[in-house]
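The values are calculated or read from the model by the stated rules, or taken from the named source; none is laboratory data. For clarity, every value in this text was computed on a predicted model and none was experimentally measured. Reconstructed Cβ throughout: ideal geometry from the backbone, glycine too, with neighbour counts over all protein chains shown. Remember, those area values only see protein heavy atoms, side chains included, never the ligands or the DNA or RNA. Shrake-Rupley method; radii C 1.70, N 1.55, O 1.52, S 1.80 Å.
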Amino acid sequence: MSSEETEKKKQVIGQYGEFQLAMVLHTKGWQVHRSFIDEGIDFVITKYWCEHCRQTSNQLIKTSTYKNRKRKVVTNLCEQCEKQDLIILSRYLQVKTSEGVACNANPDIRNFSFHPKIRYILGDDIFYVWIAVFIDNTEGQESSTALLHFYIFNTKDVIKFDNLDLPTYQDTDNQKIVLRINRDGEVLNQSKRVNFNYNCFKDFYNNFNSLDF
């Protein structure tokens, strides 16, 4: 495969991962907004929140009569308590997708290029979503199936598995590591370092709840 074909495939995989992520976020009540110009933030997601109920809510839709006709009125009140004005939660997501490459005779384990590109602690509302894609290309079959694993963490969580003081973080924007992941989404990399290890990835796995309060 030529370098041009490889780059095109990466773009397709990236778009596929982002589309699947958007669908999952939508099912969890988030509105997903895509950047016109991508300069680090891929998605802005929003959700209505009621301070009184301490939960997300839809806007209350009331029915009123105007000129002898019933009309629907969208309010900014909580659909649950019907009295508290809603606020909008906003989260900012950088999204990266990586396709697994076979690393040994075990088809259930793949190597993934992990490239967080996060060198700073940017705030409680800024998250990184990394998507690992298993693609099964069964010989003799025209179609393939894909299995996606989502890892979601705040920028401050990078220090749990990596040292931001590494010279490579200061000198390049291309800090990469290879993660070995099985079909269940478990990161198999081992580390003898006391302060940094990859066990925290089990906490990042499908960690969509971290986006809420």
>> Just to be sure I understand, how many residues within region 34-87 are charged (D, E, K, R), in a strand (DSSP E or B) and within 22 Å of the chain's Cα centre (by Cα)?
In response: 2
> Within region 180-209, how many residues turn out to be within 14 Å of Lys160 (Cβ to Cβ), modelled with pLDDT of 95 or more and not in a helix (DSSP H, G or I)?
Replying inline: 2
> Among Lys176, Lys156, Lys160, which is the only one that is within 26 Å of Gln11 (Cβ to Cβ), under 19 Å from the mean Cα position of the chain (by Cα), at pLDDT below 90 and not β-branched (Val, Ile, Thr)?
Replying inline: Lys176
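Do you know which of the residues in region 33-79 that are of a type in the set (D, E, K, R) and exposed (fewer than 10 other Cβ atoms within 10 Å of the Cβ) is nearest to Phe208 (Cα to Cα)?
Step one: of region 33-79, the residues of a type in the set (D, E, K, R) are 34, 38-39, 42, 47, 51, 54, 62, 67, 69-72, 79.
Next, only the ones that are exposed (fewer than 10 other Cβ atoms within 10 Å of the Cβ) stay: 39, 54, 67, 69-70, 72.
On the way: Glu39: 23, Arg54: 17, Lys67: 46, Arg69: 43, Lys70: 39, Lys72: 33 Å.
Residue satisfying both the conditions and the ranking: Arg54.
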> Within region 11-32, restricting attention to residues that are in contact (Cβ under 8 Å) with a residue 60 or more places away in the chain, of a type outside the set (Val, Ile, Thr) and assigned to a helix (DSSP H, G or I), which residue is most open to solvent (accessible area, probe 1.4 Å)?
Replying inline: Tyr16
>> Looking for something within 24 Å of Tyr198 (Cβ to Cβ) and not basic (Lys, Arg) - is there at least one such residue anywhere in region 48-57?
In response: no
